[in-house]
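Participant: Structure in structure tokens, see below.
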Amino acid sequence: MDENRGIGFENRLPWHLSDDMRRFKQLTMGHHLIVGRKTFQSIGRALPGRHMIVLTRSADSQYEGIDVVPSLDAAINLAESRGEEEVFIGGGSEIYRLALPITDRIYLTRVHAQTQADVFFPDFDISEWVAISSEEFDADEKNQYPTTYKVLEKRSPR
């Protein structure tokens, strides 16, 4: 998210950060990745090496090679029934809002800029979280803005 919690603009990311995309791939590879319908449509395809689950209220939505479920509980139950130990939430804003109360860890990319955004990460109480790691990176030819990668863990896990 950017300095104003912005995470999207016109159904796409409001920045280009190659290192962040690589980090996302490393973190989620081999895991179940839950995304909302709009986020999935912005990606446009199943991501290789991940078990994607699309959360939508639209009962007739079907995507090749993708599980479609009507609720976050159904998505998490499906992933856990397959032996998943760390389910990843990949957005968008509404899915993050639903997941935050039951989330134990956040892999946060903080983009040090104020971008043009029309979708925002939900507000949350940072005092409920502790940073267990933090790495800062400058902007360069492949990364539009300086960033900080943090891993936050809930002080009182569910």
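The values are calculated or read from the model by the stated rules, or taken from the named source; none is laboratory data. The model shown is predicted, which means the values in this text are computed figures rather than measured ones. Heads up, the Cβs are rebuilt from the backbone with ideal geometry, glycines too, and the neighbour counts pull from every protein chain shown.
Participant: Please list, ordered by first then second residue, the pairs with beta carbon atoms under 9 Å, 6 or more apart or interchain, first in the stretch 68-84 and over 18 Å from Arg97 (Cα atoms), second surrounded by 15 or more Cβ atoms within 10 Å (Cβ to Cβ) and of a type in the set (Lys, Arg).
Facilitator: Close Cβ pairs (under 9 Å, with a partner that is surrounded by 15 or more Cβ atoms within 10 Å (Cβ to Cβ) and of a type in the set (Lys, Arg)) amount to Val68/Arg37.
Participant: Name every residue in the stretch 48-69 that is in a loop (DSSP other than H, G, I, E, B) and either at pLDDT below 95 or touching a strand residue (DSSP E or B) at 6+ places or on another chain (Cβ under 7 Å) (or both), in order of residue number.
Facilitator: Arg50, Thr56, Arg57, Ser58, Ala59, Asp60, Ser61, Gln62, Tyr63, Glu64, Gly65, Ile66
Participant: Let me ask another. Is one or more of the residues making up the stretch 99-113 within 16 Å of Phe40 (Cα to Cα) and crowded, with 19+ Cβ neighbours inside 10 Å?
Facilitator: no
Participant: Mind counting the residues in the stretch 1-23 that are over 26 Å from Arg57 (Cβ atoms) and aromatic (Phe, Trp, Tyr)?
Facilitator: Total meeting the criteria: 1.
Participant: From the residues in the stretch 27-47 that are among the hydrophobic types (A, V, I, L, M, F, W, C) and in a loop (DSSP other than H, G, I, E, B), which one is farthest from the chain's Cα centre (by Cα)?
Facilitator: Checked the stretch 27-47; the qualifying residue farthest from the chain's Cα centre (by Cα) is Ala46.
Participant: Please pick out the residue among Val87, Val119, Val130 that is touching a helix residue (DSSP H, G or I) at 6+ places or on another chain (Cβ under 8 Å), farther than 22 Å from Met29 by Cα and modelled with pLDDT of 95 or more.
Facilitator: Val119
Participant: Considering only the stretch 86-98, how many residues are free of Cβ contacts under 8 Å to residues at least 60 places away in the same chain and out of contact with any Phe, Trp or Tyr (no Cβ under 8 Å at 6 or more places or on another chain)?
Facilitator: 5
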